[in-house]
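Just below is one structure, and these are the notes that go with it.
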Amino acid sequence: MSDLLRTIAFAYQRKGARTMPRMELHMLLSMDLRWFAPADAKNVVPRAIQRGLLPPAQAHLKIACDAPAVPAPPASRPPAPLPLHARATPPLP
C-alpha cells in the first residue's frame, strides 16, 4: 500500500466523507493536518489523480477506494518527503 494512498485515505477518513471539493482537500492537508505547505498540498491531488486514487478533472473529488478500509493509525503522518512530482515510473498495483 502506497504512502500516497494512505495520505489521501486518511484525509477522507478525517473528514468523514466520500467526496470533497478540491480546495477543501488542499486545505485539509496543509492547514488542518499541517502535513504539507500549501503549495505542496496542491501537488498531492494531481499525483493522486495520476495514480488513479481520485477522478480527473472534477470539482468534487470522490476517492476511488473505500477510505475507512485503508489502515491509517490515528497518529499517522506521511513520510517526509512524500514524492509529489510525477516521475517516469510504472503505476502502483
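Quick note: the coordinates plus some simple rules give every number you see, no bench work behind them. Just so it is clear, the model here is predicted, and its values are computed rather than measured. Here the Cβ positions follow ideal geometry from the backbone for every residue, glycine too, while neighbour counts run over all protein chains shown.
Taking the mean number of other Cβ atoms within 10 Å as a proxy for protection, how do you rank 28-35, 6-13 from highest to lowest?
6-13, 28-35
Using θ = phi - 60° and the Karplus form 6.51 cos²θ - 1.76 cosθ + 1.60, what ³J(HN,Hα) does each residue of the stretch 16-33 get, whole Hz, x for Gly and Pro?
x, 9, 9, 10, 7, x, 3, 5, 5, 5, 4, 5, 4, 5, 9, 8, 6, 7
How would you rank 15-26, 55-66, highest first, on the average number of other Cβ atoms within 10 Å across their residues?
15-26, 55-66
Karplus couplings for the stretch 50-62 from phi (6.51 cos²θ - 1.76 cosθ + 1.60, θ = phi - 60°), rounded to Hz, Gly and Pro as x?
Result, ordered by residue: 4, 7, x, 7, 10, x, x, 6, 10, 5, 9, 9, 9 Hz.
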